[in-house]
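Right, one structure below, let's go through it.
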Amino acid sequence: MSQSNRPETEAVPARRKFLNTAALAGLAGVVGCTEKAAPVATPAAAPAAASAAASSSIHLKPGELDSYYGLWSGGHNGDVRVLGMPSGRELLRIPCFRPDALVGWGITNESLDVMGRNAKGGPLYNVADTHHLHASYKNGNYDGRYAWVNDKINSRIARIRLDYFICDKITTLPNVQGFHGIFPDKADPVDPAINYTTRVFCGGEFGIPLPNDGTDANNTEKYRSLFSCVDAETMEVRWQVLIDGNCDLVATSYDGKLAATNQYNTENGVHYEDMMSAERDACLFFNIARIEEAVKAGKFKTYGTSNVPVVDGTHEANKDPLTALTAYVSVPKNPHGVNASPDGKYFICAGKLSPTTTTIELTKVLDWFDGKMENLDDSIVAEVEVGLGPLHTAFDGRGNAYTTLFLDSQMVKWNIEKAIAFHNGDKSAEYVIDRLDVHYQPGHTNATQSETMAADGKYLAVGCKFSKDRFLPVGPFHPENEQIIDISGDKMVLLADHPVRGEPHDFIIFKRDIIKTKQVYDLDESPLAIKDPKDSGVFRDGKKVTVRLTSQAPAFSMREFTVKKGDEVTLILTNLDKIEDLTHGFAVPKYNIQFIINPLETKSVTFVADKPGVFWAYCSTFCHALHLEMRTRMIVEA
Ligand code: CUK
Ligand code: CUA
Ligand code: CA
């Protein structure tokens with residue numbers, strides 16, 4: 001069904017018309033609407049009254065615990081934020097891609113082993129841009145093992161261990177620039193016994209010449225994007241798919257058979273006008289079992305110095321449905337997010353430059369791959385108008401979808417089956433159920449358990465990209481506004497605003513009982529652990545010196561230790577306090593050393609003792625009434 005000949009529904013007034021005139025007019029619409037609400041935005045429709053009327057309260061009494069965890073991508077901080085929900089209280093930041101001065105991430109050897117080192121031995125990069133965070137699945141629900149987060153700038157994927165809430169591995173994707181969408185699979189496409197995550201899929205957004213060694217830099221025809229599969233356990237890149245167009249976000253099916261990415265640049269354009277020149281782009285599906293067969297059969301190439309197998313997923317090579325690795329379902333102009341409904345039936349692409357959402361039925365996509373359905377686009381079961389600038393969709397497990405409308409600064413709640421009925425010609429099907437103003441310009445949204453089969457439809461969080469007038473002014477750079485909405489009833493009710501530092505994108509919210517954390521370390525986690533304070537000391541091997549130290553409040557195992565100027569010192573510290581919450585720190589003036597050490601944890605740092613003198617290495621985390629006295633002297637002899 002084309003955009004123009006569709007009758008308006010009552011819920012979709014005429015002003016929400018598709019901006020399908022000229023490409024530039026479309027973009028003008030984007031910019032114009034953003035400015036519309038700036039900076040003298042009209043106050044929200046009585047948010048205070050709304051929250052007072054809310055059936056559920058997000059206010060927790062002192063000592064009361066939240067019922068959900070939230071994991072948020074930390075944006076340019078390159079970390080992961082752990083929130084209690086629905087209170088929105090921030091509990092922890094897990095450093096991944098960038099140094100962190102509290103934890104000592106980027107300072108300790110253990111963190112540098114994860115981050116990678118530059119030529120001087122420091123962290124490989126100091127910048128990051130995390131967008132998408134998703135967790136491992138089992139039986140269609142989160143299993144509390146891992147979460148993964150992307151770094152768009154340097155095409156890295158980090159894994160978080162959800163037992164210790166630490167980052168334990170980072171992998172750089174080869175042949176890719178602008179790694180954006182990320183999603184773990186939920187089952188194996190072939191082996192039914194594997195009903196849990198073993199792969200993580202990664203979308204490459206920016207086309208580059210392959211290999212990107214300067215040869216074809218000006219030959220834009222040769223710019224390509226790849227879709228990558230990373231092994232959930234080893235974190236090695238298993239395979240990649242060469243595609244036409246680009247990847248943006250990623251979704252996976254519950255049966256493990258399909259992954260998909262929305263494509264806004266099927267044009268392979270290098271300028272935005274080119275990227276928005278086509279009326280329709282695509283949602284590109286990957287047949288996981290067939291791709292892995294092709295890899296096994298040796299039907300792949302490699303590029304440059306990478307030995308990751310790359311299979312051919314281009315249009316040209318995949319015309320026969322019975323052997324195709326990929327399928328390009330058409331979706332209106334420059335779609336954004338793609339989200340899987342919790343009943344496992346549909347992927348929903350948000351229109352972005354089109355005021356529509358496109359609902360694709362997965363069994364029909366599989367029918368096409370099996371040669372049972374001729375026209376691939378017949379897998380589109382609904383394409384309905386929802387409002388201006390649809391970006392991302394969440395679900396309540398009751399058949400409703402909640403889509404952010406960036407330009408309208410609204411959440412729209414719509415019913416999927418009614419949208420399908422409307423698309424099939426039942427014009428009385430009122431699929432839009434509710435709209436709520438949010439503040440302002442929402443990007444990602446997610447509901448409690450939304451992307452699992454256990455979606456429970458209690459709370460919805462909305463990541464608003466602009467806060468404008470919602471908080472005390474703090475100069476030109478505004479915080480963003482994460483809003484919390486009660487979606488348990490028919491009407492959405494705004495419950496709270498939370499300022500956040502820029503710029504988190506995606507997040508997930510899940511029941512607290514999914515997480516089983518270890519509250520103290522296991523001494524054996526580190527091969528370097530010093531299990532007995534008597535094993536402390538200074539051990540010399542030429543110019544290489546190992547200092548072995550333990551901590552037990554309120555003292556370190558050595559009151560002083562001596563090294564010589566020019567020594568390469570590796571200091572290993574084990575915290576032998578086993579009481580929960582008894583964390584010490586270790587800070588050395590002038591040596592750029594500071595890290596924390598949790599109960600029974602071991603960390604090490606390596607540095608050259610290039611400054612002679614006395615250095616009071618002190619405990620930097622309040623641990624005891626004698627915390628200030630908890631020190632040791634590092635003496636560097638000239
Ligand atoms: S993108 Cu940020 S609002 Cu990177 Cu998921 Cu849509
Ligand atoms: Cu140990 Cu403060
Ligand atoms: Ca496009």
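Just one of the numbered conditions (1) in contact with a Phe, Trp or Tyr (Cβ under 7 Å, 6 or more places away or on another chain); (2) in a strand (DSSP E or B); (3) surrounded by fewer than 23 Cβ atoms within 10 Å (Cβ to Cβ) is not true of residue 391; which one? All conditions are met except number (3).
Restricting the search to strands (runs of 3 or more DSSP E) fully inside the range 515-568 and requiring at least 1 residues that are touching a residue at least 24 places away in the same chain (Cβ under 8 Å) and either within 16 Å of ligand 3 (Cβ to nearest atom) or buried (at least 18 other Cβ atoms within 10 Å of the Cβ) (or both) gives 544-552, 560-564.
For the range 128-143, the count of residues that are outside any loop (DSSP other than H, G, I, E, B), of a type in the set (A, V, I, L, M, F, W, C) and closer than 18 Å to residue 450 by Cα is nonzero.
For the subset of the range 221-267 comprising residues that are among the charged types (D, E, K, R) and in a strand (DSSP E or B), which member is surrounded by the fewest Cβ atoms within 10 Å (Cβ to Cβ)? Checking each candidate, the answer is 231. From the list 116, 178, the lone residue that is modelled with pLDDT of 95 or more, among the small types (Gly, Ala, Ser), within 16 Å of ligand 1 (Cβ to nearest atom) and surrounded by fewer than 24 Cβ atoms within 10 Å (Cβ to Cβ) is 178.
Of note, residue 279 satisfies the criterion of being at pLDDT 95 or above and more than 26 Å from residue 193 (Cα to Cα). Applying the condition of being within 11 Å of ligand 2 (Cβ to nearest atom) and part of a loop (DSSP other than H, G, I, E, B) to the range 622-638 and asking which residue is surrounded by the most Cβ atoms within 10 Å (Cβ to Cβ) yields 630. Could you say whether any residue in the range 276-285 is assigned by TED's automatic domain parsing to the domain that holds residue 200, within 16 Å of ligand 3 (Cβ to nearest atom) and basic (Lys, Arg)? So far as the range 276-285 goes, yes, one or more of its residues are assigned by TED's automatic domain parsing to the domain that holds residue 200, within 16 Å of ligand 3 (Cβ to nearest atom) and basic (Lys, Arg). Taken over the range 268-289, the criterion of being without any contact (Cβ under 8 Å) to a residue 60 or more places away in the chain and either surrounded by 19 or more Cβ atoms within 10 Å (Cβ to Cβ) or out of contact with any strand residue (DSSP E or B) (no Cβ under 9 Å at 6 or more places or on another chain) (or both) is satisfied by 269, 271, 274, 275, 278, 281, 282, 284.
Of all residues assigned to the range 210-220, at least one qualifies as being in contact with a strand residue (DSSP E or B) (Cβ under 7 Å, 6 or more places away or on another chain) and surrounded by 22 or more Cβ atoms within 10 Å (Cβ to Cβ). Could you tell me whether any residue of the range 441-450 is surrounded by fewer than 20 Cβ atoms within 10 Å (Cβ to Cβ) and out of contact with any Lys or Arg (no Cβ under 9 Å at 6 or more places or on another chain)? Looking through the range 441-450, none of the residues is surrounded by fewer than 20 Cβ atoms within 10 Å (Cβ to Cβ) and out of contact with any Lys or Arg (no Cβ under 9 Å at 6 or more places or on another chain). In summary, residue 428 fulfils each of the numbered conditions (1) outside any loop (DSSP other than H, G, I, E, B); (2) among the small types (Gly, Ala, Ser); (3) free of Cβ contacts under 8 Å to residues at least 24 places away in the same chain with the single exception of condition (1).
The values are calculated or read from the model by the stated rules, or taken from the named source; none is laboratory data. In this text the structure is predicted, and so the values were computed from the model without any measurement. Don't worry about glycine lacking a Cβ; one is built from the backbone with ideal geometry, like all the others, and counts go over all protein chains shown.
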